[in-house]
Structure formats: C-alpha cells, structure tokens
Amino acid sequence: MMDYLVVSPEVKKAIEENKPVVALESTIISHGMPYPKNVETALKVEEIVRENGAIPATIAIIQGKLTVGITPEEIDYLGKKGLDVAKASRRDIPVLVSRGEDGATTVAATMIIANLAGIKLFATGGIGGVHRGAETTMDISADLEELSNTNVNVVCAGAKSILDIGLTLEYLETKGVPVIGYKTEELPAFYTRESGFKVNYKMDSPSDIAKAIKAKNELGLNGAMLITNPIPEEYSMDKDLINGVIEEAVLEANKLGVKGKDITPYLLDKIQKITEGKSLEANIQLVFNNVKLGAQIAKELCSL
Ligand code: PSU
Ligand code: MN
C-alpha cells in the first residue's frame, strides 16, 4: 500500500493523534469551476477547515500516487490544467496509478483514497447521482455505489436538478445510505434550499450526526452517511430561474450528444455561462458552508 499512497506529514500526524481531518476532492477544482476561481476556492476551503479546528486533506492522484494532502502548488497545477487533467473515478484509479499519471478525484475516488488513509469525513459541493433520462442512458454515477460501500461520510449541498433527484433518493434508499438533513426536513437542491423531496432524518447538531456515524461504524454497517447542508439563505438562487437554466443546459447537452464522464462538467460550465457567474458564486459559497460543517462533525467524531 505504501507504494501507492502518499499522505502529507501534517495529515499523517493528525490521523495518528486522532485529530480531526476533513478530506476534500479535486474534480471540483479541475472540472467543476473555471481558473482562477477554482484555485482561489480550493485554497480558501483549506483555510476555512483550519479556522474551524480541523486539518484539510485535499486528495488527488499526482504522477500515479494516491496523494492525501496535496500542496498549494499542486492545487494550482490541477486548477490551471483544468479539463486536461483526467477526471478520476473508481474505474480510473488502477490505470492512472500504473501509468504514473495525474488524476482529479471525484467523490467516489476521493472516498476510496480517504478510506485508505483512515479519514472518516469528507466535504464537498455536489455528488454525482442518477441522471435525468437514466432509464434509457443508464447514467448513474459511481459516487452512489461508493456511498453504499465505503466508510467515509460525505457532507454535500444535496442533489442538483441536473440529476433526477427522486431517482437518486430511491437509489440511495435501495443501497442503504442514510440521507441526513442538517437543520432541515427537506433535501436541499444545491443552488436552492428546497427540492420538493424529504431527507430521511433531520439532525440539528454536528454532535448528533457524529453519534449516528459512530453507531453505524460500531455496528459494522459499511458505507457513508450522506449529510446534506442547505446553501445559506443569502446566497441561494431563485428556484424558477435556476431550473430554467438547468433545463436549457440539459437540452443543449442532449442535442450535442454529450455523455459519460463529460456530462457533469459540461452542464456545470454551461450553467455558469448562462447565469454569468451567479451560479458559480452560489457554488463557491455552499462549498464554504459545507466544509465548515465538515470540520465541526470531524471534531465531534474525534471526541466520541
Ligand atoms: N457536482 C458538482 N460539482 C462537481 C461534481 C459534481 O456540483 O464538481 C463532480 C464531483 O467530483 C462528482 C462528479 O463526484 O462530478 C460526478 O461525476 P459523474 O456524474 O461523472 O460520476
Ligand atoms: Mn455518469
């Protein structure tokens, strides 16, 4: 394992001393936001994790090494290279490693690597899910399978309506993934606080969430708890506006025949362009909000 996994000294020490660590993904840097906002955001995210009493561990594949706690220079490199870095999900890991190549890790791949390093908590913006039209395309993100199998708990801002939110929830239910709403009964829809769907359980404190995670671990129930955290009111977008934009972006993607791993980055970019950056600002703010909650839960987990 040591041949494949590289953990930064700071993160390694924190894990050994049972200090709180928050894992962070890198697809969001290279494929989720434009340069230089992506790099600024990734660096700020690490700062927020520290301000909230935890150690950030941004994860990527660097020259074939599964790297936990990449450097600011590596963040800048991934951000600048953007779509030219391979988007790395579960299936991509072995080949990138054997070839000694770079990869920006998705939620699924970040969970796998965080788990190898012994990190229990991971915060990001959005997860992949069941895409609209999946009944014919079968486009279901590998993230969902990972959430069902791997013991790394994920904080996100709910599911956005580039996905079929109802089917995503059904899939998570089938796979036994508990969906928690932080201070909400309603599943948040990323850019907005409401989706029209309910979460499984509302929880009002990081400590309640940590206790549920502990129970899951001690019972040997593999997989994640998915903690959904609504975007702060002041940054949330108009529901009709954003849904109209998403509709337009999905139609355009279908017309162009965009599919597979390219569809999520395509839609995010299109939405950012149509909203002239407004959705990007919302996206950045919800990530800040999620990593803060992530740090709080990680701290509680260490104290149990
Ligand atoms: N949703 C976002 N921003 C992102 C992603 C999803 O709002 O950056 C990224 C995450 O890395 C997620 C991946 O794991 O897209 C899902 O891709 P796919 O649907 O191809 O599995
Ligand atoms: Mn897909």
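Net length available on complete extension from THR174 to LEU5 is 57.6 nm, with 0.36 nm assigned per residue and the Cα-Cα distance removed. Proximity of backbone amide H atoms, modeled 1.01 Å from N, is registered between ALA86 and ALA104 at under 5 Å, excluding neighbours fewer than 5 places apart on the same chain.
Shape analysis of the range 33-185 places it in the prolate category; the axes a ≥ b ≥ c from the Cα gyration tensor give an a/c of at least 1.5, with a/b above b/c. Excluding same-chain residues fewer than 8 positions from LYS255, which lysines have a Cα within less than 16 Å of its Cα? Straight-line reach from LYS255, under 16 Å: LYS270.
Assuming a ≥ b ≥ c are the square roots of the Cα gyration tensor eigenvalues, decide whether the range 113-224 counts as rounded (a/c under 1.5), prolate (otherwise, with a/b larger than b/c) or oblate. Because a/c hits 1.5 or more and a/b fails to exceed b/c, the range 113-224 counts as oblate. For the pair ALA212 and LYS44, label points projected 7 Å from Cα toward Cβ lie 2.9 nm apart. Pairs with C-alpha atoms separated by more than 24 Å, drawn from the list LYS37/LYS202; LYS239/LYS259; LYS19/LYS44; LYS13/LYS261, are LYS37/LYS202; LYS239/LYS259; LYS13/LYS261. Please check: in the Gaussian network model of the chain (C-alpha springs, under 10 Å), which one of LEU96, LEU226, LEU24 has the largest mean-square fluctuation. Evaluated over the chain, the most mobile residue of the options is LEU96.
Note on ASP238 and LYS37: the model spin-label points, each 7 Å out from Cα along the C-beta direction, lie 1.9 nm apart. Remark on GLU194: its backbone amide H falls under 5 Å from those of ALA189, a criterion applied only to residues 5 or more positions apart or on other chains, H modelled at 1.01 Å from N. Once both labels are positioned 7 Å from their Cα atoms along Cα-to-Cβ, the gap between LYS273 and LEU251 label points is 1.6 nm. Taking 0.36 nm per residue of sequence separation and removing the Cα-Cα distance, the VAL95/GLN63 pair yields an extension gain of 10.4 nm.
Counted over the chain, the DSSP beta bridges are approximately 30% antiparallel. Under the shape rule built on the C-alpha gyration tensor, where the axes satisfy a ≥ b ≥ c, the chain is rounded, since a/c falls short of 1.5.
Computed extension length for LYS81-GLU185: 33.5 nm, one decimal, from 0.36 nm per residue of separation with the Cα-Cα distance subtracted.
FYI, it's all coordinate maths here, none of it is from the lab. Every value quoted in this text rests on a predicted model; they were computed, and no experiment measured them. As a convention, Cβ positions derive from the backbone with ideal geometry for all residues, glycine included, and neighbour counts pool all protein chains shown.
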